[in-house]
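Read the structure below first, then the notes.
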């Protein structure tokens with residue numbers, strides 16, 4: 001697992017406060033099941049001081065982090081953790 005900056009940990013919580021991580025199974029705002037995809041190593045990931053909390057919810061764990069719906073933690077509900 002890649003490093004998450006302490007100031008970004010607050011963004012990696014779902015609507016009920018459960019911790020989210022890359023590959024976590026969630027119910028998105030459209031009531032569809034998807035997987036959290038985080039992009040590390042760029043400004044668009046939780047390891048960047050510029051990250052604003054948005055991430056992708058993709059149809060599969062293997063999808064690219066830029067493919068899928070853009071969501072924030074308060075828009076999703078955790079169903080299961082990453083394997």
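Any read-out appearing in this document is the output of simple, stated calculations on the displayed coordinates, not a laboratory observation. Nothing here was measured: the structure is a model prediction, and the numbers come from that model. Ideal geometry is used to build each Cβ from the backbone, glycine not excepted, and the neighbour counts take in all protein chains shown.
Counted residue by residue at 0.36 nm each, then reduced by the alpha carbon distance between them, the extension gain from residue 21 to residue 60 reaches 12.6 nm. Listed options for mean projected area of the Cα convex hull in nm² are (1) 6.0; (2) 15.1; (3) 4.7. The value calculated from this structure is the one marked (3). Taking other C-beta atoms within 10 angstrom as a stand-in for reagent exposure, 10, 69 fall in the order 10, 69, fewest first.
Counted by neighbouring Cβ atoms within 10 Å, the residues 72, 56, 42 run from fewest to most as 42, 72, 56. For the chain, modelled as a GNM whose springs connect Cα atoms under 10 angstrom apart, the maximal fluctuation among 36, 57, 70 occurs at 70. Across the chain, C-alpha contacts under 8 Å between residues 6 or more apart give a mean separation that, scaled by the residue count, equals a relative contact order of 36 percent.
Fewest neighbouring Cβ atoms within 10 Å first, the residues 43, 21 line up as 43, 21.
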